[in-house]
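Inspection log for the structure reproduced underneath, given as C-alpha cells.
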Amino acid sequence: MKFIILRQDTATSARLGRISTAHGEVTTPAFLPVGTAGSVKAMTPAELVDLGVEMILGNAYHLYLRPGSKVVAELGGLHRFISWKRAILTDSGGYQVLSHAKLRKVTEEGVSFQSHLDGSLHYISPEKSIEIQEDLGADIIMAFDECIQYPASYDHARDSLERTLRWAERCRRCQRRTDQALFGIIQGGFFRDLRERGAKDLLRLGFEGFALGGLCVGETKEMMLEVLDTVLPILPVEKPRYLMGVGTPEDLVEGVIRGADLFDCVMPTRHARTGCLFTSFGRVIIKNAQYVRDEGPLDPNCSCYTCLNFSRAYLRYLFLAGEILSARLNTIHNLSYYLTLMRDLRQAIMEGRVVEFRERFYSLREGVCNPQ
RNA sequence: GGGGUCGUGGUGUAGCCUGGUCCAACACGCAUGCCUGUCACGCAUGAGAUCGCGGGUUCAAAUCCCGUCGACCCCG
C-alpha cells in the first residue's frame, strides 16, 4: 500500500489523498461501506462499483466463524470469494469484544468468545487475528484491540489501553505477509492523557496507518470531537488516519475537517434497512404517515437510482410492506448519499472551499429537516 | 315458523360459567422516536374499546336476567 497527499487544505486540517493498493486506488477522504460477513447487505459488487465505492470493510471475527477463514483462503481469498475486485480492509474482531460483551472473557493473552451463531467457544489472540486476516487477504488489516464501552473508569480505560498497545506490538511482530498494510488502533477512552499516550506509543511501533477506535460508543459529540482534536494533530502527516465506526454525515464532515482520511460505519446500510434515510435536508423516517401520498422524490438534490425513479409514497409503502426491494432501494440511496458527501468534500478540498462547504452543509439542515 | 352459537379498540382473541382485584388484557396492526469497526434485527414510548343496543336484578354488571337488532348454523 502506498499513500500520498494530493492537497492539504490551508484553512482546515482536511487533506485530499490517494491510497494505492494491489486492488486499485482509493481517493481519500473515503467512506467504506461495511460488509461484515462478506457482503454489503442488499448490494451486489456491481452496484457498489456503480456507486463509486473504492474500498469496503470485512470482519475477521464473522468470517472466521462462518464460512471459516481457512475456507476463504482455500477459495482464493476474500476478494475472489465475494467477487470484489477493489480494495478491502478487514477489522480485527476487536470490536466484537465490545458488542458481544456478555459472552467474552478478556485476558492478557487474548479474548475467549462464545459464538453468537451456535454458542461454540472460540478464542482470538492478536496472533490469531492476524492469521485470520492474512487468510482473508485484505489490502489493509487492523491490529487486534480492545474497544471499551462508555462510560468507563480511568483505571479501566488505562488498563485496556496498555493491553491494546501490547497487543498491537504482538500483531506487528507476528505479521507474515508483506503485501498487506497493518494499521494500529488508538484507544484510551475519553481521557485526554490516555489518548495522547495511546497515540505516541503506537507511533513508535511503526504502522502503515493509524486508526482511532472506541468512538461513537455513547459519548457526546463534544467528547468525540475533543478526542479528534487531541489525537489527529500528533499523528504523522504522511500516514492514513482512519476513524473506525464513524459515523453520521455530520461526524464525517467534522472528521474530514480535522484531518481524517478513512471512515466506516454501518449507519447508511443498517438505517436503510430500518427506514431511516439520509438527505441533504436531514433524516427522513420513511415510514412516517406524512409520506403516504408524497409523490416527490426522497431527496430532490440526489441523483441516485432510487431518487430518480421512485416516490416517497412508494418507498414508504415498500418499507411497511416489508418488501426486499425496500432494503435495496434504501441502501442504494443511503450509500449514494454518503459517497456523494465524501466526493463533494474531496472536491471542496481540491478547490480550497472546505469552510464554505461546511457552512452550506449545516445551513441546508436548519429548519427544513425532519424534526429530530 | 322452531332451535342453537356468537356479537369486547383497525383485525383476531382473552375475560363471562364462579358479578367487585376490568375506567378491561394479549397478539398483530397503527403512530412517534432510537439505532455509529451490523444477527436485513432490536428497543422505547404512545393513540385507540362508554365490552351490539335497550331495560332489569344488585351496594356493584363485559360478566346474571328479559327484550331487541345483527351475523352464522341446524331443523321445517
Out of A:Thr248, A:Thr230, sole residue that is closer than 20 Å to A:Ala14 by Cα, among the hydroxyl-bearing types (Ser, Thr, Tyr), modelled with pLDDT of 95 or more and under 14 Å from the mean Cα position of the chain (by Cα)
A:Thr248
Take the residues of the stretch A:271-285 that are part of a strand (DSSP E or B) and not basic (Lys, Arg): which is surrounded by the most Cβ atoms within 10 Å (Cβ to Cβ)?
A:Leu277
Options A:Asn309, A:Asn288; residue that is more than 16 Å from the chain's Cα centre (by Cα), more than 16 Å from RNA strand B (Cβ to nearest atom), surrounded by fewer than 15 Cβ atoms within 10 Å (Cβ to Cβ) and not hydroxyl-bearing (Ser, Thr, Tyr)
A:Asn309
Out of the residues in the stretch A:202-217 that are in a loop (DSSP other than H, G, I, E, B) and away from RNA strand B (no atom under 13 Å from the Cβ), which is surrounded by the most Cβ atoms within 10 Å (Cβ to Cβ)?
A:Glu208
Check the stretch A:86-95 and report whether any residue there is within 12 Å of RNA strand B (Cβ to nearest atom), at pLDDT below 95 and of a type in the set (A, V, I, L, M).
no
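Quick grid of which residues meet (1) under 17 Å from the mean Cα position of the chain (by Cα); (2) in contact (Cβ under 8 Å) with a residue 24 or more places away in the chain:
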{"site": "A:Met224", "(1), (2)": "yes, yes"}
{"site": "A:Ile234", "(1), (2)": "no, yes"}
{"site": "A:Glu238", "(1), (2)": "no, yes"}
{"site": "A:His271", "(1), (2)": "yes, yes"}
{"site": "A:Thr274", "(1), (2)": "no, no"}
{"site": "A:Val284", "(1), (2)": "no, yes"}
{"site": "A:Cys304", "(1), (2)": "no, yes"}
{"site": "A:Ala313", "(1), (2)": "no, no"}
Determine whether the stretch A:96-107 contains at least one residue that is within 15 Å of RNA strand B (Cβ to nearest atom), touching a Lys or Arg at 6+ places or on another chain (Cβ under 9 Å) and not in a helix (DSSP H, G or I).
yes
When the residues of the stretch A:22-36 are narrowed to those that are under 17 Å from the mean Cα position of the chain (by Cα) and more than 16 Å from RNA strand B (Cβ to nearest atom), which ends up surrounded by the most Cβ atoms within 10 Å (Cβ to Cβ)?
A:Thr28
Of the residues in the stretch A:218-240, those that are under 15 Å from A:Tyr150 (Cβ atoms) and surrounded by fewer than 20 Cβ atoms within 10 Å (Cβ to Cβ) come to A:Gly218, A:Glu219, A:Thr220, A:Lys221, A:Glu222, A:Met223, A:Leu225, A:Glu226
Out of (1) in a loop (DSSP other than H, G, I, E, B); (2) within 24 Å of A:Asp50 (Cα to Cα); (3) near RNA strand B (Cβ under 9 Å from one of its atoms), the one A:Pro268 does not meet is (1)
Within 24 Å of A:Arg328 (Cα to Cα), out of contact with any His (no Cβ under 8 Å at 6 or more places or on another chain), among the acidic types (Asp, Glu) and more than 13 Å from RNA strand B (Cβ to nearest atom): does that describe A:Glu54?
yes
Need a quick list: strands (runs of 3 or more DSSP E) entirely within the stretch A:1-93 having at least 1 residues that are in contact with a Gly (Cβ under 8 Å, 6 or more places away or on another chain).
A:2-8, A:15-21, A:24-28, A:55-59, A:87-91
What is the one condition in (1) in contact with a Lys or Arg (Cβ under 7 Å, 6 or more places away or on another chain); (2) modelled with pLDDT of 95 or more; (3) farther than 17 Å from A:Pro240 by Cα that A:Arg192 does not satisfy?
(1)
Being part of a loop (DSSP other than H, G, I, E, B), among the small types (Gly, Ala, Ser) and touching a strand residue (DSSP E or B) at 6+ places or on another chain (Cβ under 9 Å) narrows it down to one residue among A:Gly255, A:Gly259; which is it?
A:Gly259
Using the structure shown, decide if A:Gly352 is within 16 Å of RNA strand B (Cβ to nearest atom), over 21 Å from the mean Cα position of the chain (by Cα) and either in a loop (DSSP other than H, G, I, E, B) or surrounded by fewer than 16 Cβ atoms within 10 Å (Cβ to Cβ) (or both).
no
Out of A:Glu295, A:Glu222, A:Glu238, report the one residue that is out of contact with any strand residue (DSSP E or B) (no Cβ under 8 Å at 6 or more places or on another chain) and acidic (Asp, Glu).
A:Glu222
Count - residues of the stretch A:177-201 that are within 16 Å of RNA strand B (Cβ to nearest atom) and either in contact with a helix residue (DSSP H, G or I) (Cβ under 6 Å, 6 or more places away or on another chain) or not in a strand (DSSP E or B) (or both):
12
Picking from A:Ser120, A:Ser115, which residue would you name as being over 18 Å from A:Val34 (Cβ atoms), within 12 Å of RNA strand B (Cβ to nearest atom) and among the hydroxyl-bearing types (Ser, Thr, Tyr)?
A:Ser115
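The values are calculated or read from the model by the stated rules, or taken from the named source; none is laboratory data. Note that the coordinates shown come from a computational prediction; the quantities given were computed from them, not determined experimentally. Note: ideal-geometry Cβ built from the backbone for every residue, glycine included; neighbour counts use all protein chains shown.
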